[in-house]
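Asker: First, the structure itself, so that you have it in front of you.
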Amino acid sequence: MRLVDRFVTRLAALRPGTGPLLVAVSGGLDSVVLLDLLVRTRARHGLTLIVAHVDHGIHPESAEVARQVESLAAALGVSCVVGRLRLGPVVSETRARTARYRWLRETRRRLGARWIVTAHQADDQRETVLMRLLRGSGPAGLAGIRPRDRGVLRPLLPFSRQSLARYARGRGLRWWEDPANGDPRHLRSWIRTALLPAVETRLPDVGRKLNQTRRHARQACRSWDSALRSWPGLDVTVGRFETSLSWPALQELPADLAAALVEALIRAAHGPVSPTRIRRALNALRGGQSGARADLGRGWSITLAFGRLRAEPPSRRVAEPPRTIEHLTGEASWGPWKVRWATEPAPARQQRDGRTAWFIPGMLAVRGWRRGDRLAPLGGRGHRLAVRCFQDARVPLSQRRSWPMIEAEGRLAWIPGVCRSGRLLPTAGSPALRIDVERRG
């Protein structure tokens with residue numbers, strides 16, 4: 001089967017769906033071949049392509065390479081965006097990679113692309129496994145690069161660098177050779193140009209053995225992922241807004257078994273899976289109170305809240321400004337929430353902990369939680385601190401800052417899904433403003 005036909009089959013297996021693809025093109029061999037294959041087969045996959053090039057500002061020729069990528073995209077009839085990072089000549093591989101992916105993800109969201117497509121191929125996969133082995137990675141690291149992961153597709157992973165070069169020569173493609181790829185000061189380059197060739201002189205099948213190691217590690221990860229979801233009593237929740245399990249049930253297990261299951265939990269949340277860090281974090285939490293937190297690195301942590309061990313990603317909360325609820329119908333976004341309102345007759349009763357409430361039309365606004373907030377619960381006596389309402393509703397501390405609050409005439413009136421007060425409470429059948437608050441996704 002021709003490489004182009006194998007590529008189409010592989011891309012289809014990754015289920016890209018519909019919508020634009022943001023194609024990361026560095027200007028090197030692999031990414032130029034990737035772009036050529038995607039353009040050549042777009043009548044078959046039917047996807048819109050957008051070229052994305054990152055000019056790191058590291059190499060003196062980087063600006064010229066960016067112009068070459070823009071010219072290539074124009075010649076192929078594909079739109080192109082360029083990010084200029086200006087990192088300077090002295091920068092680590094890790095920092096450059098982090099900055100590159102941050103820009104790519106921001107660009108994907110801004111342009112409404114469903115996936116970022118990168119040109120990682122089979123040789124990259126073997127180099128990655130060996131590099132992680134040398135760094136002492138656990139099974140998650142040795143499982144290698146995922147073909148479909150967190151908004152990134154990698155359709156070239158089954159193809160060797162040699163086969164891609166042969167295809168490029170046959171198509172008459174031109175590409176840029178990055179000098180950093182052969183610079184032994186970089187760990188990956190040293191592995192590629194020095195270590196692997198030296199090992200192959202004694203062990204010619206080292207590539208096959210590394211692939212075998214990757215398959216074994218991937219199978220081990222799958223087994224633990226399955227065990228996590230089926231283990232009695234763990235009551236695992238894996239979702240966009242919460243990834244957690246029962247802390248009392250976990251504490252009853254032997255330490256090594258508990259650590260392996262928590263590794264699977266962090267993996268399900270797409271967090272950093274370091275066996276050493278996870279064991280240290282679990283040891284730090286033993287005997288801890290609700291609200292205790294332990295660091296996992298890269299901004300991630302595990303926390304205790306209401307008898308649950310939660311995987312907490314880095315905080316990306318941006319303070320939302322208050323939004324006035326104007327007009328008789330409308331909607332507004334509030335972080336991960338959607339707030340909608342419309343007029344209709346008020347019901348005879350309202351739920352105190354519902355996510356729908358009716359108000360006498362007046363000065364209403366959506367805002368965030370403020371220290372010292374309190375309200376008089378509907379049907380209750382006296383006033384209650386909002387923080388106590390959150391605790392009663394078992395809302396973890398990490399979620400409270402981004403929770404929408406409804407203010408009526410300058411005072412807290414409703415915490416959606418938590419507690420409704422009696423402020424601006426309409427009588428049954430009277431004209432009222434119905435407000436619905438739901439968490440998206």
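The values are calculated or read from the model by the stated rules, or taken from the named source; none is laboratory data. Quick caveat, the model's predicted, so the values are computed rather than measured. Neighbour counts run over all protein chains shown; Cβ positions are idealised from the backbone, glycine included. With ligands, DNA and RNA removed, areas are computed over all heavy atoms of the protein, side chains included. Shrake-Rupley method; radii C 1.70, N 1.55, O 1.52, S 1.80 Å.
Asker: With labels modelled as points extended 7 Å from the Cα through the Cβ direction, what inter-label distance (nm, one decimal) is found for ARG84 paired with GLU438?
Answerer: Computed distance between label sites ARG84 and GLU438 equals 4.4 nm.
Asker: Highest GNM mean-square fluctuation, the chain, Cα pairs closer than 10 Å: which of GLY27, GLY429, GLY57?
Answerer: The residue that fluctuates most here is GLY429.
Asker: Got the relative contact order for segment 271-313 handy, in percent, Cα pairs under 8 Å and 6 or more residues apart? Provide the component values of the computation, followed by the final result.
Answerer: Working: 60 pairs, mean separation 13.6, N = 43.
About 32 percent, as a whole number.
Asker: Using a 1.4 Å probe over the heavy atoms of the protein chains, calculate the carbon and sulfur portion of the accessible area of segment 46-146 as a whole percent. Intermediate results must be reported in sequence, preceding the final value.
Answerer: Numbers: 2510 of 5030 Å².
Here carbon and sulfur together make up 50 percent of the probe-accessible area.
Asker: Hey, another quick one. According to a simple spin-label model (label point 7 Å from Cα along Cα-to-Cβ), what is the distance in nm between ARG349 and ALA198?
Answerer: 7.7 nm
Asker: Averaged per residue, what accessible area in Å² does segment 241-395 show with a 1.4 Å probe, protein chains only? Please report the intermediate quantities before stating the final value.
Answerer: Working: 8270 Å² over 155 residues.
Result: 53 Å² per residue.
Asker: Ok, one more. Testing the spin-label approximation: label points 7 Å from Cα along Cα→Cβ at HIS59 and LEU134. State their distance in nm.
Answerer: Result: 2.1 nm between the two label points.
Asker: Any idea what the relative contact order of segment 119-219 is, in percent, if you count C-alpha pairs under 8 Å spaced at least 6 apart?
Answerer: Working: 87 pairs, mean separation 38.1, N = 101.
Relative contact order comes out at 38 percent.
Asker: Give a quick list of chymotrypsin sites (Phe, Trp or Tyr not before Pro) in segment 180-277 that DSSP marks as loop, anything other than H, G, I, E or B, with at most 15 other Cβ atoms within 10 Å. Don't skip to the answer; put the middle values down first.
Answerer: Values: sites: TRP190, TRP224, PHE241; in loops: PHE241.
Answer in residue order: PHE241.
Asker: Any idea of the accessible area per residue across segment 75-157, 1.4 Å probe, to the nearest Å²?
Answerer: On the way: 4060 Å² over 83 residues.
On a per-residue basis, 49 Å².
Asker: To continue, here is another question. Report the paramagnetic label zone for ALA255: residues of segment 296-340 whose backbone N is under 16 Å from a point 7 Å from Cα along the Cα-to-Cβ axis.
Answerer: none
Asker: Further question: Using DSSP to call loops (not H, G, I, E or B), can you name the trypsin sites (Lys or Arg not before Pro) in segment 151-221 whose Cβ has at most 12 other Cβ atoms within 10 angstrom?
Answerer: Values: sites: ARG161, ARG166, ARG169, ARG171, ARG174, ARG185, ARG188, ARG192, ARG202, ARG208, LYS209, ARG214, ARG215, ARG218; in loops: ARG174, ARG185.
Those satisfying the criteria are ARG174, ARG185.
Asker: Can you tell me how much longer the chain between SER92 and SER430 gets when fully stretched, taken as 0.36 nm per residue apart minus their C-alpha distance, in nm with one decimal? Kindly include the intermediate steps, with their values, before the conclusion.
Answerer: On the way: separation 338, 0.36 × 338 = 121.68 nm, distance 6.54 nm.
Separation in residues times 0.36 nm, less the Cα-Cα distance, equals 115.1 nm.
Asker: Averaged over all directions, how much area does the convex hull of the C-alpha atoms of the chain cover when projected, in nm²?
Answerer: Numbers: hull surface 106.8 nm².
If you wrap the Cα atoms of the chain in a convex hull and average its projections, you get 26.7 nm².
Asker: Over segment 237-381, what is the relative contact order in percent, taking alpha-carbon pairs closer than 8 angstrom and at least six residues apart? Each step should come with its number before you reach the end.
Answerer: On the way: 164 pairs, mean separation 24.4, N = 145.
Dividing the mean separation by the residue count of segment 237-381 yields 17 percent.
Asker: Another question, then. For ARG401 and ALA43, compute 0.36 nm times the residue count separating them, minus their Cα-Cα distance, and round to one decimal in nm. Intermediate results must be reported in sequence, preceding the final value.
Answerer: Values: separation 358, 0.36 × 358 = 128.88 nm, distance 4.70 nm.
Contour length minus Cα-Cα distance gives 124.2 nm.
Asker: Would you look at the GNM of the chain, springs on alpha carbons closer than 10 Å, and say which of SER244, SER226, SER315 moves the most?
Answerer: Highest fluctuation of the listed residues: SER315.
Asker: Probe radius 1.4 Å, ligands and nucleic acids left out: which of ARG146, ARG110, ARG100 has the largest accessible area, and how do the rest follow?
Answerer: Details: ARG146 95, ARG110 155, ARG100 70 Å².
Of ARG146, ARG110, ARG100, the descending order of accessible area is ARG110, ARG146, ARG100.
Asker: Give, as a single signed number, the net charge of other residues whose beta carbon lies under 14 Å from the beta carbon of VAL82, with Lys and Arg counted +1 and Asp and Glu -1. Don't skip to the answer; put the middle values down first.
Answerer: Values: positive: ARG67, ARG84, ARG86, ARG100, ARG110; negative: ASP55, GLU64, GLU70, GLU106.
Charge balance in the 14 Å sphere: +1.
Asker: Moving on. With both bridge residues required to lie in the chain, what share of the DSSP beta bridges run antiparallel, to the nearest 5%?
Answerer: 75 percent
Asker: Once you have the Cα-Cα distance between ARG161 and GLN212, take 0.36 nm times their residue separation minus that, and quote the gain in nm to one decimal. Don't skip to the end; give the middle numbers.
Answerer: Details: separation 51, 0.36 × 51 = 18.36 nm, distance 1.90 nm.
Contour length minus the Cα-Cα distance gives 16.5 nm.
Asker: Return the unpartnered cysteines for the chain, using a Cβ-Cβ cut-off of under 4.7 Å.
Answerer: CYS80, CYS221
Asker: Next question, about the same structure. Any chance you could look up the accessible area of TRP176 with a 1.4 Å probe, heavy atoms only, rounded to 10 Å²?
Answerer: Approximately 50 Å² of TRP176 is accessible to the 1.4 Å probe.
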